[in-house]
Amino acid sequence: TVDDARQLLQNIDPKLGVPLPDKDYGGSCRIYDWEHPEDPFHYFKVKIKR
């Protein structure tokens with residue numbers, strides 16, 4: 001079952017088998033943000049850090 005698989009994964013690595021937090025995928029798709037001059041690539045960095 002799904003729960004058995006989660007328990008097995010947690011035995012391998014405690015960080016596995018934990019539900020992921022919800023994330024907004026409908027937000028901005030821009031790579032460069034002109035309105036954020038301090039760090040115009042902040043959208044790109046957030047997507048890469050997954």
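Considering only residues in region 1-17 that are surrounded by 11 or more Cβ atoms within 10 Å (Cβ to Cβ) and assigned to a loop (DSSP other than H, G, I, E, B), the one that is modelled with the lowest pLDDT turns out to be Gly17.
Going residue by residue through region 29-43, is there one that turns out to be modelled with pLDDT under 85 and exposed (fewer than 10 other Cβ atoms within 10 Å of the Cβ)? Checked region 29-43: at least one residue is modelled with pLDDT under 85 and exposed (fewer than 10 other Cβ atoms within 10 Å of the Cβ).
The values are calculated or read from the model by the stated rules, or taken from the named source; none is laboratory data. For clarity, every value in this text was computed on a predicted model and none was experimentally measured. FYI the Cβ positions are ideal-geometry reconstructions off the backbone, even for glycines, and counts take in every protein chain you see.
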